[in-house]
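Take a look at the structure below.
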Amino acid sequence: EPEVTQTPSHQVTQMGQEVILRCVPISNHLYFYWYRQILGQKVEFLVSFYNNEISEKSEIFDDQFSVERPDGSNFTLKIRSTKLEDSAMYFCASSPQTASYGYTFGSGTRLTVV
Amino acid sequence: GNSVTQMEGPVTLSEEAFLTINCTYTATGYPSLFWYVQYPGEGLQLLLKATKADDKGSNKGFEATYRKETTSFHLEKGSVQVSDSAVYFCALSANQAGTALIFGKGTTLSVSS
């Protein structure tokens, strides 16, 4: 069964450093997403991406965040200057043309900012 | 705006007990509804879904029926197993490609033998 792949599984970074989280969505999916889950809390939407541009973003997705699809397969989330409160599990997801088919999530990257 | 409300957890059950996790939603139009499950240390897996009123989603013995009149999508299982211990998330999406999936806060289920 096709899956969404995320790397790394765990990233530790110093406060103020830049991090890039990587994802390989399912190849025939058209929409890509990033979500985050702070430990023990709800899963929060960050951003959706379609046709090489952001289609929707939440209040959390401020100027410190950016997304990119640098080639035909990868989808990245960059945090420019990490803060302690960015520590969370970050999930990538992708979906096909029709929303009702559901979203396939990767297994996540645990980001720890120290 | 769209939102999802789930019953507070944790839910603690003995093996073979009946499970209900309540989920209600607020949405404009006709959303699609989902249940996702997160096993310890893992990502989010789609458990079941329903795309229109009165649809019943089912998978692995779990069921949920899309009730538009009560704006609910309660998750049920007739006989839980220890392996069902996980966090369960109810979610909705507006029926439009590429829109954000909105999650409830999650309900932790713990099943003991």
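The values are calculated or read from the model by the stated rules, or taken from the named source; none is laboratory data. The structure presented is a predicted model; accordingly, all values stated were derived computationally and were not measured. Cβ: placed from backbone, ideal geometry, glycine included. Neighbour counts: every protein chain shown. To get the accessible areas, we keep the full protein, side chains included, count just its heavy atoms, and leave off ligands, DNA and RNA. Shrake-Rupley method; radii C 1.70, N 1.55, O 1.52, S 1.80 Å.
What is the sum of charges around B:LEU13, taking Lys and Arg as +1, Asp and Glu as -1, for the other residues whose C-beta is under 10 Å from the C-beta of B:LEU13? Numbers along the way, then the final one.
Details: positive: B:LYS77; negative: B:GLU15, B:GLU16, B:ASP84.
Summing Lys and Arg as +1 and Asp and Glu as -1 gives -2.
Which value, in debye to the nearest 20, gives the size of the charge dipole of the stretch B:51-113 about its Cα centre, when Lys and Arg are +1 and Asp and Glu are -1 at the Cβ? Intermediate results must be reported in sequence, preceding the final value.
Numbers: 7 positive and 6 negative charges, 18 e Å.
Dipole magnitude for the stretch B:51-113 comes out near 80 debye.
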Discussion item. Tell me which of A:THR76, A:PHE105, A:THR7 sits at the most positive position along the dipole axis of chain A, charges placed on C-beta atoms (Lys, Arg +1; Asp, Glu -1).
Written reply: A:THR7
Response to the item:
If the chain between B:ALA17 and B:GLN81 were fully extended at 0.36 nm per residue, the gain over the current Cα-Cα distance would be 22.2 nm
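Taking K and R as +1 and D and E as -1, what net charge do the other residues with C-beta under 15 Å from the C-beta of B:GLN45 add up to?
Numbers: positive: B:LYS49, B:LYS60; negative: A:GLU1, A:GLU3, B:GLU42, B:ASP84.
Net local charge, B:GLN45 excluded: -2.
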Worksheet entry | Solvent-accessible area, 1.4 Å probe, carbon plus sulfur percent, for the stretch B:44-83 | 45
Worksheet item: Longest exposed-loop-site-free stretch of chain A, with GluC sites (Glu not before Pro), DSSP loop and at most 16 other Cβ within 10 Å?
Response: A:60-114
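Under the rule a/c < 1.5 gives rounded, and otherwise a/b versus b/c splits prolate from oblate, where does chain A land using the Cα gyration tensor? Intermediate results must be reported in sequence, preceding the final value.
Values: a/c = 1.67, a/b = 1.59, b/c = 1.05.
Because a/c hits 1.5 or more and a/b exceeds b/c, chain A counts as prolate.
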Worksheet item: Plugging the Kirkwood radius over Cα pairs into Stokes-Einstein for the protein assembly as shown, at a temperature of 20 °C and a viscosity of 1.002 mPa s, what D comes out in µm²/s?
Response: 119
Worksheet item: Which of B:ALA27, B:ALA91, B:ALA100 moves most in a GNM of chain B, Cα contacts under 10 Å?
Response: B:ALA100
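Measure up A:LYS42/A:LYS83; B:LYS49/B:LYS105; B:LYS56/B:LYS77; A:LYS42/B:LYS60; A:LYS78/B:LYS105 against 21 Å on the Cα-Cα distance and list the ones that go over. Don't skip to the answer; put the middle values down first.
Values: A:LYS42/A:LYS83 19 Å; B:LYS49/B:LYS105 18 Å; B:LYS56/B:LYS77 13 Å; A:LYS42/B:LYS60 24 Å; A:LYS78/B:LYS105 26 Å.
Violating the 21 Å Cα-Cα cut-off are A:LYS42/B:LYS60; A:LYS78/B:LYS105.
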